[in-house]
Amino acid sequence: METTGLFKSSMRFFSDQELCYADILTPQEVLARIQVAVLNFLRILSSSTPAISNLPLIDRSSSNSRVNQGILTDESWIFLSHSFCTRSLMRANAAKAFVRVWKLMEMCSQILLQEKRVTQRELFYKLLCDSPAYFPTQLHVNRTIQDVVALLRCSRFSLGVMASSRGLVAGRLLLQEPEQETVDCAACGTSGYAISGDLDLLRKLTLKTDARYVIVIEKHAIFQRLAEDRVFNHIPSILITAKGYPDMATRYFLHRISKTFPHLPIFGLVDWNPAGLAILCTFKYGSIGMGLEAYRYACNVKWLGMRGDDVQLIPQESLVSLKPRDLQIAKSLMSSEILQENYREELTLMVEGGQKAELEALYHNGFDYLEKYLVKKIIQFNYI
C-alpha cells in the first residue's frame, strides 16, 4: 500500500496550491494513477468498516473559476482554485456519474495499453455500445472525461483522448514533424495546412517564421479570401482559422505559436456580434469547460476587428437584428469576470443598438478591401 500513501501525499500537495492543473504524463504514469485510484477504492471496501468511497474531483463550476491577471504582461487566463466536488454512489443524482468515471478509466486503460489514440467521438460510440445506460449522449462522455482529468490530474491527451481538429494555417510559417519533410504554409493554397488533432505531434513540431503578426480568423471563407489574395506576403503574417468556435487542437497550436514566438502580436478577426466576441475570448482566456487544462489553450489575442467603430464602413442595410441566441450569449459574457472593460463596452454597444454585423459586409468596399482594412488597423494600432 506504499503507492496509496504516495497518492494521498500528492493529493495533499495539490490541495495546497491555488492553481490546480493537469499534468502531461506518459501512459505508464497514467496507468499507475488509475491503479492507485482502484487500490484506494478496494482498500475502503475491504476495511473493517467498509464503505463506498467518494471521488474527490476538482470543482469545474464557474463559481470555482478565477482569472489570472498578468502583472508584468497583459496575458490573462482562466484557472480553477482548489475547491472540490464529489461523485458518490450514496447520492441518487451522482450515482451514475460515479460509475461513469470508473467505466471511462477502464476504457482509457485499454486504450493506453494498446498504445492507441481515440477521438472523443470514437470514445462515445465505443462507450455507447458497451454501456448505453450510462453514456447515452456525447455530452456524458465529454463531462466524464473532465471528471477523470480532475481526479487523476492529467491531461485528456495523456488519457489517450485525441482532439478532433477543424483548424487550418497559411502564410509565413515553416513547420516540420519529426522525421518528415518541412512544410511551407505559404505554398498550401487557399485550403491552407490542416492542423493535426494529435497534441503530442503539435508539441513536437519544429516551427520557423519571419512573420511579424499572427491573425486568427473566425470564418473559413474570410481565411480563404485572405489566403487566395496572399495577404501574408504584403502583411508578413501567419493566418489561422478554426472555422468558427475554436477546437482544442487549433487553440493548442495557437498557444504553441505564442510561446515559440512571444514577440509576435496575435490579432483576432471576428464578426461584430456576441458569438464573435465569445470566440475571441475562448482563444484569449481558455474556457471553464476545459477545467484543469484551460491555461494550455489560451494566449494573448488582441481584438482587431470588426468592432463598433467599423460599422461606419458598411451600409446600414447590412446590419442584422440581434436574435434571442445572441442576447443569451451576451448575457453570459456580461456576467463573466474575465471580460475586460473595453470588450464590455463593445458588447453594450451591440445590445443597446440591437444590431450585429458580419465581416463579409466589408466587401461593400470591394473584394480587395479586407487587406487595406487590416493594414490600416495595424498601422494605427487600432486594436484592443
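For TYR252, the requirement of being within 14 Å of the chain's Cα centre (by Cα) and farther than 23 Å from GLU177 by Cβ is not met.
A quick yes/no check of all residues on (1) modelled with pLDDT of 70 or more; (2) closer than 30 Å to LYS259 by Cα; (3) open to solvent by 70 Å² or more (accessible area, probe 1.4 Å); (4) not hydroxyl-bearing (Ser, Thr, Tyr):
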{"residue": "ARG66", "(1), (2), (3), (4)": "no, yes, yes, yes"}
{"residue": "SER83", "(1), (2), (3), (4)": "yes, yes, no, no"}
{"residue": "ALA92", "(1), (2), (3), (4)": "yes, no, yes, yes"}
{"residue": "ALA95", "(1), (2), (3), (4)": "yes, no, no, yes"}
{"residue": "ARG100", "(1), (2), (3), (4)": "yes, no, no, yes"}
{"residue": "LYS103", "(1), (2), (3), (4)": "yes, no, no, yes"}
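Apart from one condition, GLY167 fits all of (1) within 15 Å of ASP198 (Cα to Cα); (2) open to solvent by 10 Å² or more (accessible area, probe 1.4 Å); the exception is (2). Against the condition touching a residue at least 24 places away in the same chain (Cβ under 8 Å) and crowded, with 24+ Cβ neighbours inside 10 Å, how does SER237 come out, does it pass? Here the answer is yes, as SER237 does meet what is asked. The residues of segment 219-234 that are farther than 25 Å from MET162 by Cβ and either open to solvent by less than 50 Å² (accessible area, probe 1.4 Å) or of a type in the set (A, V, I, L, M, F, W, C) (or both), listed by number, are LYS219, ALA221, ILE222, LEU226, ALA227, VAL231, PHE232.
A residue that is open to solvent by 10 Å² or more (accessible area, probe 1.4 Å) and either of a type in the set (Asp, Glu) or closer than 16 Å to ILE195 by Cβ (or both) can be found somewhere in segment 293-304. Anything in segment 110-127 that is touching a residue at least 24 places away in the same chain (Cβ under 8 Å) and open to solvent by 20 Å² or more (accessible area, probe 1.4 Å)? List them, or say none. If the condition is that a residue be touching a residue at least 24 places away in the same chain (Cβ under 8 Å) and open to solvent by 20 Å² or more (accessible area, probe 1.4 Å), then LEU113, GLU115, LYS116, ARG117, VAL118, THR119, GLN120, ARG121 are the ones that fit. From the list PHE253, PHE232, the lone residue that is under 30 Å from LEU159 (Cα atoms) and either of a type in the set (Val, Ile, Thr) or assigned to a helix (DSSP H, G or I) (or both) is PHE253.
Name every residue in segment 204-225 that is touching a residue at least 60 places away in the same chain (Cβ under 8 Å), out of contact with any strand residue (DSSP E or B) (no Cβ under 8 Å at 6 or more places or on another chain) and of a type outside the set (A, V, I, L, M), in order of residue number. ARG225, the sole residue that qualifies.
For segment 281-336, residues that are on the phi < 0 side of the Ramachandran plot and in a helix (DSSP H, G or I) total 34.
Tell me yes or no: at least one residue of segment 187-197 is closer than 28 Å to GLU360 by Cβ, under 19 Å from the mean Cα position of the chain (by Cα) and crowded, with 16+ Cβ neighbours inside 10 Å. Looking through segment 187-197, at least one residue is closer than 28 Å to GLU360 by Cβ, under 19 Å from the mean Cα position of the chain (by Cα) and crowded, with 16+ Cβ neighbours inside 10 Å.
Out of the residues in segment 346-384 that are part of a helix (DSSP H, G or I) and without any contact (Cβ under 8 Å) to a residue 24 or more places away in the chain, which is most open to solvent (accessible area, probe 1.4 Å)? Checked segment 346-384; the qualifying residue most open to solvent (accessible area, probe 1.4 Å) is GLU352. Count of segment 5-40 residues, restricted to those that are modelled with pLDDT of 80 or more, touching a strand residue (DSSP E or B) at 6+ places or on another chain (Cβ under 9 Å) and open to solvent by 40 Å² or more (accessible area, probe 1.4 Å), is 3.
Only one of the listed residues (ILE288, ILE338) is modelled with pLDDT under 95, under 30 Å from LEU139 (Cβ atoms) and open to solvent by 50 Å² or more (accessible area, probe 1.4 Å). That residue is ILE288. Within segment 132-167, restricting attention to residues that are free of Cβ contacts under 8 Å to residues at least 60 places away in the same chain and among the aliphatic types (A, V, I, L, M), which residue is nearest to ALA37 (Cα to Cα)? Taking the candidates together, the pick is VAL148. State whether one or more residues within segment 246-267 are under 20 Å from SER335 (Cα atoms) and out of contact with any Phe, Trp or Tyr (no Cβ under 6 Å at 6 or more places or on another chain). No, segment 246-267 contains no residue that is under 20 Å from SER335 (Cα atoms) and out of contact with any Phe, Trp or Tyr (no Cβ under 6 Å at 6 or more places or on another chain).
The values are calculated or read from the model by the stated rules, or taken from the named source; none is laboratory data. Just so we're clear, the structure is a prediction, and the values are computed from it rather than from any experiment. Glycine also receives a Cβ, built like all others from the backbone with ideal geometry; neighbour counts cover every protein chain displayed. When the accessible area is computed, the model is the full protein with side chains, heavy atoms only, and any ligands, DNA or RNA have been set aside. Shrake-Rupley method; radii C 1.70, N 1.55, O 1.52, S 1.80 Å.
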